[in-house]
Amino acid sequence: MARAKSRFQVMTLTDAAADRVRQIVSGATQPAMALRVGVRNGGCAGMSYTMDLAADVAPGDEVVEDKGVTVLVDPKAVLFLLGTEMDYRASKMSSGFVFNNPNQTSACGCGESVALTAANPDGLTSSAP
């Protein structure tokens, strides 16, 4: 099920993130067409980012096409991810996706969770529900 592209792009990807998404999707053991990104309640700061492989576009998903890859944004996460740049970093100690999110107000010390404020699509922030 294809969805019409919205008037704005929720997220952008760096070249490194796009390369890693491409590797993950092409190396999946089950059919996958994209990576789905979302947020959930939990962790010491209040919210955590989620990522899952997606076989197709779910109703309400925001479709982000950037640098030759597709990332789906869960509809419940759109306002929390608006304006986010998704990056991928690898070092000797760790590797993973990094979200440069203008809606993030704080993060826990361990780096596993963040505090996010929902964004207004017009660029104004509002309190999370």
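Read-outs: derived from the displayed coordinates by stated rules, not from any lab. Remember, it's a predicted structure, so these values are computed and weren't measured experimentally. Please note: Cβ atoms are built from the backbone with ideal geometry, for glycine as well, and neighbour counts cover all protein chains shown.
Numbers at a glance
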{"item": "Label point distance in nm, residue 30-residue 56, each placed 7 Å from Cα along Cα→Cβ", "result": "1.5 nm"}
{"item": "Built amide H within the under 5 Å cut-off of residue 13, gap 5+", "result": "86"}
{"item": "Normalised contact order of segment 11-116, rounded percent, pairs of Cα under 8 Å and 6 or more residues apart", "result": "31 percent"}
{"item": "Dipole-positive endmost among 43, 71, 102 within segment 11-116 (Cβ charges, Cα centre)", "result": "43"}
{"item": "Extension gain (nm, one decimal) between residue 104 and residue 8, 0.36 nm per residue minus Cα-Cα", "result": "32.6 nm"}
{"item": "For segment 70-85, 3J(HN,Hα) per residue [Karplus equation, 6.51 cos²θ - 1.76 cosθ + 1.60, θ = phi - 60°, Hz, x = Gly/Pro]", "result": "10, 10, 9, 10, 4, x, 6, 9, 3, 5, 7, 10, 4, x, 7, 9"}
{"item": "Cα-based Rg and Dmax for segment 11-116, where Dmax is the largest Cα-Cα distance (Å)", "result": "13.5, 39"}
